[in-house]
1. For the structure I just gave you, tell me whether D101 is part of a helix (DSSP H, G or I), touching a Ser or Thr at 6+ places or on another chain (Cβ under 7 Å) and either free of Cβ contacts under 8 Å to residues at least 60 places away in the same chain or open to solvent by less than 50 Å² (accessible area, probe 1.4 Å) (or both).
2. Which residues, counting only those in region 55-64, are surrounded by fewer than 18 Cβ atoms within 10 Å (Cβ to Cβ) and at pLDDT below 95?
3. Name the residues in region 104-115 that are modelled with pLDDT of 95 or more and open to solvent by less than 70 Å² (accessible area, probe 1.4 Å), would you?
4. Got at least one residue in region 70-88 being outside any helix (DSSP H, G or I) and crowded, with 19+ Cβ neighbours inside 10 Å?
5. Could you check region 84-132 and list, in sequence order, the residues that are touching a Leu at 6+ places or on another chain (Cβ under 8 Å) and basic (K, R)?
6. Consider E32 carefully, then state whether it is more than 16 Å from Y126 (Cβ to Cβ) and among the acidic types (D, E).
7. Please go through (1) among the charged types (D, E, K, R); (2) open to solvent by 70 Å² or more (accessible area, probe 1.4 Å); (3) in a helix (DSSP H, G or I) for D22 and return the number of the only condition it doesn't satisfy.
8. Is one or more of the residues making up region 29-45 touching a residue at least 60 places away in the same chain (Cβ under 8 Å) and in a loop (DSSP other than H, G, I, E, B)?
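The values are calculated or read from the model by the stated rules, or taken from the named source; none is laboratory data. Keep in mind the model is a prediction, meaning the values are calculated, not measured. A quick note on method: Cβ atoms are made from the backbone with ideal geometry, for glycine too, and the neighbour counts reach across all protein chains shown. Just so you know, the surface numbers come from the protein's heavy atoms only, side chains and all, with ligands and any DNA or RNA stripped out. Shrake-Rupley method; radii C 1.70, N 1.55, O 1.52, S 1.80 Å.
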Amino acid sequence: MKRVPLKRKSRSELKKWGDKADRALQDWYRKEYRGKKCEGCGRRFQLMHHFIEKHLSAGLRFEHDNLIFLCSRCHTSHHLGGNAAVMAKVILCRGQEWLGDLLLLDRARKGMQNTVERFKEVYQKYGGKLSK
């Protein structure tokens with residue numbers, strides 16, 4: 001019996017540009033902060049993690065103060081339930097004032113929505129090139 005190739009799922013424009021903007025942001029941070037250490041353990045950082053998760057706050061998705069430097073081990077630990085220790089260490093290092101300011105900013109941007117246009121702007125800001 002001949003196999004029928006699986007059809008690729010079409011992705012919405014919003015998801016496509018959100019992924020591109022996230023990737024451009026990650027690449028930019030890796031380039032600009034090459035020697036930065038993980039805020040959880042002190043190893044070399046490998047990715048930026050959203051302190052307030054991006055699905056909970058569209059307004060903080062690309063906000064510098066909401067992004068924390070993590071290695072893949074601490075990031076995995078966070079997502080597997082060990083988040084209390086990693087996040088507590090970040091709060092301890094950055095301070096209560098940082099956390100309070102971040103929460104105020106989150107409240108101020110609560111109604112903000114992600115749009116294709118916003119994602120394209122972020123993509124370009126962090127080095128992505130739009131094709132014509």
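1. So D101 does not fit the description; no.
2. H55, L56, A58
3. L105, D106
4. yes
5. The answer is R109, K120.
6. So E32 fails the test.
7. If we test D22 against (1) among the charged types (D, E, K, R); (2) open to solvent by 70 Å² or more (accessible area, probe 1.4 Å); (3) in a helix (DSSP H, G or I), just (2) comes out false.
8. no
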